[in-house]
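The values are calculated or read from the model by the stated rules, or taken from the named source; none is laboratory data. In this text the structure is predicted, and so the values were computed from the model without any measurement. Note that we place each Cβ from the backbone using ideal geometry, even for glycine, and neighbour counts take in every protein chain shown.
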Amino acid sequence: MTSAPRIRRPIELLVVGCHGGETPKHRTSGFVLKARGKKLAIDAGSLTSGLTLKEQNSLDAVLVSHGHMDHLRDLATLADNRCQANAPPLVIASTKITIAILKKHFFNGLLWPDFSKIPSAAHPTIVYQTLKPEVPTDVAGFEVRAIMVSHTIESAGFLVRVAGEQGAIAYSGDTGPTERLWEILNEATDLRALLMEVSFPNDQEKLAHVSGHHTPASLGRELKKLERRRELPTFAYHIKPTFERQVERELTKVKDGVDLSILRLGDEFLL
């Protein structure tokens, strides 16, 4: 018996936050994927500063790449807002270590209330879902594969599909030069787009290295590991506001036929 072919339907991508720092004109990482009536956020650096209450309450799940504040901080106000609205429990999905960080250092009853027990343990505002690296896992109707990357703490990128359909979106998370990410992306024949971090200009290479991030030069070298780089839309995000213009200028010099563009707040794509 042959299996039914996967269907190709558009996946909507909304850029809520895409910077490596914050000012009145910059917001930290937060993205929303929409498909088949489901909404999956990737990282939570700007989900309450950039979404209306209605949009916040309609989220089904949030993927958290790692335990740094600029990728998870709005989980605090998101949980608070959803609790007041009596919204359904929000799934927070990540690797075992990142979930442990959230429990011990964030939703710990001290820094912020433990919304996994509020309003009650039987009816929580948030529920945790553990992602085992490289094991495809259903998260609110999306098939998610966590891929470990190279950062200063445990950090994951994600390969995300709509369950049962063809077409994947990749998200690098915070990373410097790495290997396994590219091996998996080269195997993903249905990959539609890559969201790729780059943070510092080339003259800040030492700072980029010690903090586990990319410069345009190191990103250019890494993209050579991607076999479909000439045809695959690659979107740069996480640029530090201090160096924004310099990094953007240097990204224009990334050669080798890369289909590379820079994300802006409020960008929307059908992929």
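Being surrounded by fewer than 21 Cβ atoms within 10 Å (Cβ to Cβ) and within 21 Å of A100 (Cα to Cα) narrows it down to one of A76, A41, A85, so name that one.
Details: A41 fails: surrounded by fewer than 21 Cβ atoms within 10 Å (Cβ to Cβ); A85 fails: within 21 Å of A100 (Cα to Cα).
The conditions single out A76.
Could you say which residue among L263, L226, L195 is in contact with a helix residue (DSSP H, G or I) (Cβ under 8 Å, 6 or more places away or on another chain) and surrounded by 19 or more Cβ atoms within 10 Å (Cβ to Cβ)? Walk me through how you get there before you give the answer.
Numbers: L263 fails: in contact with a helix residue (DSSP H, G or I) (Cβ under 8 Å, 6 or more places away or on another chain); L195 fails: in contact with a helix residue (DSSP H, G or I) (Cβ under 8 Å, 6 or more places away or on another chain).
The unique qualifying residue is L226.
Given (1) in a loop (DSSP other than H, G, I, E, B); (2) touching a residue at least 40 places away in the same chain (Cβ under 8 Å); (3) under 20 Å from V139 (Cβ atoms), where does P88 come up short, assuming only one miss?
Just one mismatch for P88, condition (2).
Kindly indicate the residue of segment 91-123 that is of a type in the set (S, T, N, Q) and part of a loop (DSSP other than H, G, I, E, B) and also nearest to G141 (Cα to Cα) among those meeting that condition. Steps first, answer last, please.
Restricting attention to segment 91-123, the residues satisfying the condition of being of a type in the set (S, T, N, Q) are 94-95, 98, 108, 116, 120.
Now drop any that are not part of a loop (DSSP other than H, G, I, E, B), which leaves 95, 108, 116, 120.
Working: T95: 18, N108: 28, S116: 21, S120: 25 Å.
Step by step, filter segment 91-123, then rank; the result is T95.
Condition test on T52, is it within 19 Å of E268 (Cβ to Cβ), surrounded by fewer than 15 Cβ atoms within 10 Å (Cβ to Cβ) and at pLDDT 95 or above? Give the steps one after another, and end with the answer.
Numbers: within 19 Å of E268 (Cβ to Cβ): yes; surrounded by fewer than 15 Cβ atoms within 10 Å (Cβ to Cβ): yes; at pLDDT 95 or above: yes.
So T52 passes the test.
All but one of (1) over 21 Å from D70 (Cβ atoms); (2) within 16 Å of the chain's Cα centre (by Cα); (3) not β-branched (V, I, T) hold for H238; state the number of the condition that does not hold.
(1)
Restricting to segment 233-260, what's the tally of residues that are β-branched (V, I, T), surrounded by fewer than 17 Cβ atoms within 10 Å (Cβ to Cβ) and in contact with a Gly (Cβ under 8 Å, 6 or more places away or on another chain)? Walk me through how you get there before you give the answer.
The initial filter retains those residues of segment 233-260 that are β-branched (V, I, T), namely 234, 239, 242, 247, 252, 254, 258.
Now drop any that are not surrounded by fewer than 17 Cβ atoms within 10 Å (Cβ to Cβ), which leaves 242, 252.
Right, trim to in contact with a Gly (Cβ under 8 Å, 6 or more places away or on another chain) and you get 242.
Within segment 233-260, residues that are β-branched (V, I, T), surrounded by fewer than 17 Cβ atoms within 10 Å (Cβ to Cβ) and in contact with a Gly (Cβ under 8 Å, 6 or more places away or on another chain) number 1.
Please go through segment 1-29 and pick out each residue that is of a type in the set (A, V, I, L, M, F, W, C), assigned to a loop (DSSP other than H, G, I, E, B) and at pLDDT 95 or above.
Going through segment 1-29, the residues of a type in the set (A, V, I, L, M, F, W, C) turn out to be 1, 4, 7, 11, 13-16, 18.
Then drop every residue that is not assigned to a loop (DSSP other than H, G, I, E, B), which leaves 1, 4, 11, 18.
C18, the sole residue that qualifies.
Spot the failing condition for L59; the list is (1) farther than 17 Å from F107 by Cβ; (2) out of contact with any helix residue (DSSP H, G or I) (no Cβ under 7 Å at 6 or more places or on another chain); (3) touching a residue at least 24 places away in the same chain (Cβ under 8 Å), and only one is missed.
The number of the failed condition is (1).
Given the structure, is I169 buried (at least 22 other Cβ atoms within 10 Å of the Cβ) and among the β-branched types (V, I, T)? Before the answer, list the steps.
Numbers: buried (at least 22 other Cβ atoms within 10 Å of the Cβ): yes; among the β-branched types (V, I, T): yes.
Yes.
Restricting to segment 63-85, what's the tally of residues that are more than 22 Å from G141 (Cβ to Cβ) and among the β-branched types (V, I, T)?
Selection size over segment 63-85: 1.
Anything in segment 124-140 that is surrounded by fewer than 17 Cβ atoms within 10 Å (Cβ to Cβ) and assigned to a loop (DSSP other than H, G, I, E, B)? List them, or say none.
The answer is K132, P133, E134, V135, P136.
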